[in-house]
Amino acid sequence: MNLVLLGPPGAGKGTQAVRIAKAFGLLHLSSGDILRAERKAQTELGRKAQDYMDRGVLVPDDLILAMMMVHIAKPEAAKGFLLDGFPRTVAQAEGLDQRLAARGARIRIVVNMVIDDVEVTARLTGRWSCPKDGRPFHETFSPPKKSGVCDDCGTPLTRRKDDEPDVVSQRLRTYHAETKPLVKYYTEAGILKNVDATGGVDQVTALIEKVCRTA
Ligand code: AP5
């Protein structure tokens with residue numbers, strides 16, 4: 001099963017992706033995490049992406065498509081993959097569909113995480129993440145067991161530069177202008193499932209699992 005998690009920044013895509021990938025044995029591929037790893041390693045792609053990410057706008061489609069297809073082609077993805085943060089434009093979705101079709105594959109389900117801008121802004125401005133494995137925490141909604149460190153690996157948690165309030169506003173504008181049209185694209189393809197993402201983490205996981213098992 002190949003799955004896409006769609007939704008605005010802060011909808012909980014990363015939080016749910018880890019759980020859903022584990023539950024269904026899928027390879028979790030987060031475009032944001034891959035880009036941040038490229039930046040950390042100071043690769044050419046990472047350097048090109050840096051300015052776009054810091055401004056809260058999208059990295060060009062050709063760079064993202066090439067990057068994601070490298071990961072989708074990995075043997076670990078053969079049993080199925082979960083895409084988190086990609087595709088994010090209609091051009092990316094079309095490019096993905098064409099490249100998958102050439103390999104005899106396709107996206108089976110797109111889970112659209114529905115939540116409003118006020119709620120996601122509260123989530124993002126309280127977010128802390130593990131710089132080592134990318135796991136997100138929230139100072140109020142899902143705090144780490146021990147203050148300031150990752151539950152899984154003990155690494156000190158950090159805040160993302162693009163979670164500053166002005167960058168969050170820009171990311172939301174980018175989402176509404178460039179990513180929201182994907183709701184129509186995947187509805188027309190007959191594979192979009194809406195899920196209410198406003199509940200607690202366990203509640204949202206249960207809703208997504210149900211949608212995936214019954215699709
Ligand atoms: P990316 O890293 O993909 O960021 P994003 O999509 O904006 O998503 P986030 O990671 O901010 O949020 P999320 O939905 O994963 O929420 P999370 O689970 O962390 O992209 C960053 C940048 O990279 C982009 O701006 C762009 O420049 C570039 N980029 C990436 N992909 C690209 C692409 N395809 N094309 C072009 N450019 C691209 O949760 C948020 C917080 O809420 C956490 O603190 C969490 O603990 C908490 N939380 C989660 N669920 C709940 C819940 N149910 N209740 C309460 N709190 C919750």
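The values are calculated or read from the model by the stated rules, or taken from the named source; none is laboratory data. Source: prediction; values computed, not measured. All Cβ positions, even for glycine, are placed from backbone atoms using ideal geometry, and neighbour counts span all protein chains on display.
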* The one condition in (1) over 27 Å from residue 205 (Cβ atoms); (2) at pLDDT 95 or above; (3) assigned to a helix (DSSP H, G or I) that residue 20 fails to fulfil -> (1)
* Somewhere in segment 38-58, is a residue small (Gly, Ala, Ser), closer than 16 Å to residue 2 by Cα and in contact (Cβ under 8 Å) with a residue 40 or more places away in the chain? -> no
* Structure fact -> In segment 186-204, residues that are assigned to a helix (DSSP H, G or I), hydroxyl-bearing (Ser, Thr, Tyr) and surrounded by fewer than 17 Cβ atoms within 10 Å (Cβ to Cβ) total 1
* **Search result, residues across segment 46-66 that are within 7 Å of the ligand (Cβ to nearest atom), part of a helix (DSSP H, G or I) and under 16 Å from residue 166 (Cβ atoms)** => 52, 53
* Considering only residues of segment 205-215 that are among the aliphatic types (A, V, I, L, M) and part of a helix (DSSP H, G or I), which is farthest from the ligand (Cβ to nearest atom)? -> 211
* Asked: Can you name the condition, by its number, that residue 45 falls short on among (1) under 15 Å from the mean Cα position of the chain (by Cα); (2) crowded, with 16+ Cβ neighbours inside 10 Å?
  -> (1)
